Amino acid sequence: MNTPTTANEWAQFYFQEVLAKGQDRVTNVSVHDYVGNKTGQSNEVLNGTLDGVGPGSLNASPWYTDFWYPKKLDSGRIIHCRKTAETLEVENTEDSEATFDQKLAYEKIMGFLPAEGSTRLLTMSANSFGSEAAIAQNAGVQLEDLSSVASLQARVNDAGFQDSHYDMLNVEVPGFACQKMFNYVSVINRKQNADVVALTMQCLDAFRTTGPFQDALRAKYAGQPDPHARCIADWMENYEMVERFTFRKSSKSRRMEVFIFKKAS
């Protein structure tokens, strides 16, 4: 490759050096240190490129996703592992790929739970991965598991919801940005009774369907890059988006996107 200029290009150069040395694992800290030294960028700036998603990130780069994958250690640290014939075989099996991808996603989400102390988690997921990842992160977590979107809508509008405090609210919201989603996301934002909010929805780069509400969204975000994500961030104005990433539930399913928000100080 030509002389690297961007953070992503320097990361690619570093991973090539790692392979040349015969190494198949590298810590995320060492990647940050190397790229930061070459570009002069802080970790805060590099987080979006090296740990986030979107154009220019590792997770959007075929040179990375075709040959590497991230793994979270028990300590909470991330390492990058070289894909072997065994892991590639697993990824080519639909059910195994779905399990692999979803498990990583839930482990990353639950990594935002406090690892110690008595924590409260309000969660809604279609499988056991979320609960398993939460318990692995904090064995003393108090789980309140919601089974459906309907129960989520009922819960956030419950008179007792505002008086409850959660360390994390983790929910799969229906579909994409629309009137229905706004109706309860805005309640979560307004009541601010969760320190961390993880929202999982369809991964889109534009607004779907038609109608007055959707047309108003298109007009408001016309010409802006990443309008769907920008809209979600605006709806959660009392929180700060600190992470976003994507995953698939199966090899043939639509890609999902996770937004992690922390309450603004």
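The values are calculated or read from the model by the stated rules, or taken from the named source; none is laboratory data. In this text, all values refer to a predicted model and were calculated from it rather than measured experimentally. As a convention, Cβ positions derive from the backbone with ideal geometry for all residues, glycine included, and neighbour counts pool all protein chains shown.
Numerical summary
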item: Top-ranked residue of the range 156-176 - restricted to ones that are modelled with pLDDT of 90 or more and either in contact with a helix residue (DSSP H, G or I) (Cβ under 6 Å, 6 or more places away or on another chain) or buried (at least 20 other Cβ atoms within 10 Å of the Cβ) (or both), ranked as nearest to ILE109 (Cα to Cα); result: ASN170
item: Failed item, numbered, when ARG244 is tested on (1) free of Cβ contacts under 8 Å to residues at least 24 places away in the same chain; (2) of a type in the set (Lys, Arg); (3) part of a strand (DSSP E or B); result: (1)
item: Every pair of residues 6+ apart whose Cβ atoms lie under 7 Å, when the first sits in the range 11-24 and is closer than 20 Å to ALA60 by Cα while the second is of a type outside the set (A, V, I, L, M); result: GLN12/TRP63; PHE13/PRO4; TYR14/TYR34; PHE15/TRP68
item: Residues being modelled with pLDDT under 85 and either part of a helix (DSSP H, G or I) or closer than 13 Å to PHE247 by Cβ (or both) - total across the range 91-125; result: 12
item: Number of positions in the range 214-248 that are in contact with a helix residue (DSSP H, G or I) (Cβ under 7 Å, 6 or more places away or on another chain) and loosely packed, with under 15 Cβ neighbours inside 10 Å; result: 3
item: Lone qualifier among VAL197, VAL185 - being free of Cβ contacts under 8 Å to residues at least 60 places away in the same chain, of a type in the set (A, V, I, L, M) and either assigned to a loop (DSSP other than H, G, I, E, B) or buried (at least 19 other Cβ atoms within 10 Å of the Cβ) (or both); result: VAL185
item: Flag if GLN16 is more than 17 Å from the chain's Cα centre (by Cα) and in a helix (DSSP H, G or I); result: yes
item: Test: THR65 is among the hydroxyl-bearing types (Ser, Thr, Tyr), out of contact with any helix residue (DSSP H, G or I) (no Cβ under 8 Å at 6 or more places or on another chain) and not assigned by TED's automatic domain parsing to the domain that holds LYS108; result: no
item: Selection from the range 195-236 of residues that are of a type in the set (Asp, Glu), modelled with pLDDT of 90 or more and more than 16 Å from ASN183 (Cβ to Cβ); result: ASP195, ASP215
item: Criterion: in the same structural domain as PHE112 (by TED's automatic domain parsing), within 25 Å of ASN47 (Cβ to Cβ) and either among the aliphatic types (A, V, I, L, M) or touching a Ser or Thr at 6+ places or on another chain (Cβ under 9 Å) (or both) - qualifying residue of ALA206, ALA177, ALA222; result: ALA177
item: Failed condition for PHE259, given (1) part of a loop (DSSP other than H, G, I, E, B); (2) within 22 Å of LEU50 (Cα to Cα); (3) touching a Leu at 6+ places or on another chain (Cβ under 6 Å); (4) of a type outside the set (D, E, K, R); result: (1)
item: Failed item in (1) of a type outside the set (Asp, Glu); (2) touching a strand residue (DSSP E or B) at 6+ places or on another chain (Cβ under 6 Å); (3) part of a loop (DSSP other than H, G, I, E, B), with LYS249 passing the rest; result: (2)
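The rows are residues; the columns are (1) under 30 Å from PRO114 (Cβ atoms); (2) out of contact with any Asp or Glu (no Cβ under 6 Å at 6 or more places or on another chain); (3) outside the structural domain of ALA115 (by TED's automatic domain parsing).
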position	(1), (2), (3)
SER164	yes, yes, no
ASP195	yes, no, no
THR210	no, yes, no
GLN214	no, yes, no
LEU217	no, yes, no
ARG230	yes, yes, no
PHE247	yes, no, no
